[in-house]
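Below is one structure, written out as structure tokens; comments come after it.
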Amino acid sequence: MNTSQPSFDTVTEALSWLNTQGFNYNFNLDENCIRFNNNSQSMSPEEFTIEHVFRFEGETDPGDEDIVYGISSDKHGIKGVLTSAFGIYADSLSTEMIKKLSVH
């Protein structure tokens, strides 16, 4: 993970910056993988690397957290973003996916 990344006030700013860095795919979280290309392809946890993580707390509720991940996959030759993944889906994720996403 890149430790010298910029900080942003909004999710939109983080997504815009990631896009300028080549993170152009939109990833969707599934129980034990990340899906892309309209959910027609998937990557298991060992097939991707989390390069950037941006956390945003809700203004009124600190527990209302959005997370933006900048993710790359050398195997698939792609970079993209996954948003608000962990808090919403944590109960339905495999142990392997929870470990991968919470390392950061």
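Got at least one residue in region 21-30 being in contact with a helix residue (DSSP H, G or I) (Cβ under 7 Å, 6 or more places away or on another chain), surrounded by fewer than 14 Cβ atoms within 10 Å (Cβ to Cβ) and within 18 Å of I67 (Cα to Cα)?
Checking region 21-30: not a single residue is in contact with a helix residue (DSSP H, G or I) (Cβ under 7 Å, 6 or more places away or on another chain), surrounded by fewer than 14 Cβ atoms within 10 Å (Cβ to Cβ) and within 18 Å of I67 (Cα to Cα).
Say we look at region 31-53 and pick out the residues that are among the hydrophobic types (A, V, I, L, M, F, W, C) and within 12 Å of K100 (Cβ to Cβ); which of these is surrounded by the fewest Cβ atoms within 10 Å (Cβ to Cβ)?
Filtering region 31-53 down to residues among the hydrophobic types (A, V, I, L, M, F, W, C) leaves 33-34, 36, 43, 48, 50, 53.
In the following step, the residues that additionally are within 12 Å of K100 (Cβ to Cβ) were identified as 33-34, 43, 48, 50, 53.
Details: C33: 19, I34: 25, M43: 19, F48: 24, I50: 17, V53: 19.
Out of the qualifying residues, it is I50.
Restricting to region 1-42, and then to whatever is in a helix (DSSP H, G or I) and among the hydrophobic types (A, V, I, L, M, F, W, C), can you tell me which residue is farthest from K75 (Cα to Cα)?
Our first condition is that a residue be in a helix (DSSP H, G or I); within region 1-42, this holds for 11-20.
From what's left, among the hydrophobic types (A, V, I, L, M, F, W, C): 11, 14-15, 17-18.
On the way: V11: 27, A14: 25, L15: 23, W17: 24, L18: 20 Å.
Among those that are in a helix (DSSP H, G or I) and among the hydrophobic types (A, V, I, L, M, F, W, C), it is V11.
Check E31, E57 and return the single one that is without any contact (Cβ under 8 Å) to a residue 60 or more places away in the chain and of a type in the set (D, E).
Numbers: E31 fails: without any contact (Cβ under 8 Å) to a residue 60 or more places away in the chain.
Answer to the selection: E57.
Could you count how many residues in region 51-67 are part of a strand (DSSP E or B) and either within 17 Å of E31 (Cα to Cα) or at pLDDT below 90 (or both)? Step through it out loud before you land on a result.
First, pick out the residues of region 51-67 that are part of a strand (DSSP E or B): 51-57, 65-67.
Now narrow it down to the ones that are either within 17 Å of E31 (Cα to Cα) or at pLDDT below 90 (or both): 55-57, 65-67.
Count: 6.
Six or more apart or on different chains, Cβ atoms under 8 Å: show the pairs whose first residue is in region 2-18 and under 15 Å from I50 (Cβ atoms) and modelled with pLDDT under 90 and whose second is surrounded by 10 or more Cβ atoms within 10 Å (Cβ to Cβ) and not aromatic (F, W, Y).
N2/E51; N2/H52; Q5/H52
The values are calculated or read from the model by the stated rules, or taken from the named source; none is laboratory data. No experiment lies behind these values; they were computed from the predicted model shown. Methodologically, a virtual Cβ is constructed for each residue, glycine included, from the backbone with ideal geometry; neighbour enumeration extends over all protein chains shown.
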